[in-house]
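The values are calculated or read from the model by the stated rules, or taken from the named source; none is laboratory data. Note that the coordinates shown come from a computational prediction; the quantities given were computed from them, not determined experimentally. All Cβ positions, even for glycine, are placed from backbone atoms using ideal geometry, and neighbour counts span all protein chains on display. We work out accessible area using only protein heavy atoms, side chains counted, and drop any ligands, DNA or RNA first. Shrake-Rupley method; radii C 1.70, N 1.55, O 1.52, S 1.80 Å.
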Amino acid sequence: MRESLSHQVALARPLSADPAGQAIRRANRIRRRRTGAGLALAAAVTVLLGAGMVQLGAGTGRDGAPIAVIGDPDRPNRPVPTASVPGAETSPGTSASLVVSETLVNPDGQRLVLRDIGPAEHAQLLPGGGGWLVVSTPTTAGRSLWVVQNDGLVQVLLAGAGPIVLAPDSRQVAWRDGSDLIVAGVVGAQLIGAARTPVPAAAEPVRFVGDSVLVRLDPESAGHTLWRPGTGQMPAAVDRQTLNVYGALPDGRLVGQTVATDPGGTCLAVLAPTRYLKPVESGCGADLSQDGIGGVSADGRWLLANGRVGKTDQALLVDLRRLGPTPTAVAAGPPITGAIVWSNETQAVYLDGGGDLVRVDVGRVRAGKPAAPTPVPDVPAGDRPVLVKSF
């Protein structure tokens, strides 16, 4: 009996259940499931990121570098983007570009020099008067939009853009970017809330009309439409009569140049900005040029625009309250180049082709005394100032 029991104790019987083995096997199964789930999640994230990158790439509207510099905190340490000029001399440590001063001049002939920006064609005060929004002249690399603050700091909002237009209050900007038109708000030195829409190949922004953007479909022919950002793509409604728009009347209607029935002729029209520009009144007597340069007085009474008297190119003064079938246009001074600033309801200022100031007095012009140019004091020879309303 003793020997039998000792043999039974010496023989180890396998347990019906192995707790340690079960724990190890369970851990292996859990690890395999987690590994599979992790791989699946990684694949899903990769697909989502890839799709997002494709969407972002498609949204830029071009294959090159993005043109907008929005709220760049490192801007003071970055050079101002500029375009190289063939034949320009370069010094060590500088780019082959024209990063120069730009002179602003007001209707009184006072000058303000902005440092460290390239050649400009337009400037407006920032809301609150904290500085300037400055649009560059076009280069082979496109246009730039700078913020020049009163303390002298220059920041780049846009570089390499197509045509740029600013809202009258400087709170919005519209520009062409590749195949798209983009509108954004301006807050301080940042662009916010950008909206975009595809546009035809030759289309470009002309001006803001309220919260909408007037878009010229082809600079070589008549045709405009109005796009309201945030409402989708460019509307299908198109005006095929309007060649140029000079400005707005106090009631929101526009003054523009339209195609006449006579071949090659043009008319002056008051336009209602609905879904497109609808002529509501017109007259075809003034011989206006088709360069689109012109400006309307704040009270809506007078138009100053380029045209001809006989065979001589002149700035013309037109009384919009006597538009009629044959509006009367009188010579006001030498041809206009660039912006027109109406100082009040009867006095306007512009620059002529030589960069001289021309001050137009409506009373004198109507009396047969066109304005004569006067040089801007202390502007270096060859420099062309940019006319602004005030400092």
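Applying 1/(1 + (r/R0)^6) with r as the Cβ-Cβ distance of Val187 and Asp319 and R0 = 41 angstrom yields a FRET efficiency of 0.50. Using a probe of 1.4 Å, the accessible surface attributed to Phe391 totals some 90 Å² when neighbouring protein chains are kept in position.
The slack between Leu125 and Ala236, meaning 0.36 nm per residue of separation minus the straight C-alpha distance, is 36.5 nm. At a probe radius of 1.4 angstrom, the accessible area of the stretch 287-354 per residue rounds to 43 square angstrom.
Taking all protein chains together and rolling a 1.4 Å probe, Lys278 ends up with roughly 110 Å² accessible. These residues, Glu102, Glu204, Glu121, go from largest to smallest accessible area, 1.4 Å probe, as Glu121, Glu204, Glu102.
For the stretch 234-329, the alpha-carbon coordinates run over 40, 33, 22 Å along the three principal axes, in decreasing order. With the simple model of a label 7 Å out from the Cα in the direction of the Cβ, Ser390 to Asp211 spans 2.8 nm. Overall, the accessible surface of the stretch 333-391 at a probe of 1.4 angstrom is composed of carbon and sulfur to the extent of 51 percent.
Taking every C-alpha pair closer than 8 Å and separated by at least 6 residues, the mean separation divided by the residue count of the stretch 183-233 gives a relative contact order of 27 percent. Spin-label pair Arg275-Arg308: with each label point 7 Å from Cα along the Cα-Cβ axis, the two points sit 3.8 nm from one another. The residues of the stretch 108-200 expose, per residue, 39 Å² of accessible area to a 1.4 Å probe.
Distance distribution note for the stretch 263-391: the fraction of Cα pairs above 21 angstrom is 41%. Only Cα pairs under 8 Å and 6+ residues apart enter the sum, and on that basis the relative contact order of the stretch 109-187 stands at 20 percent.
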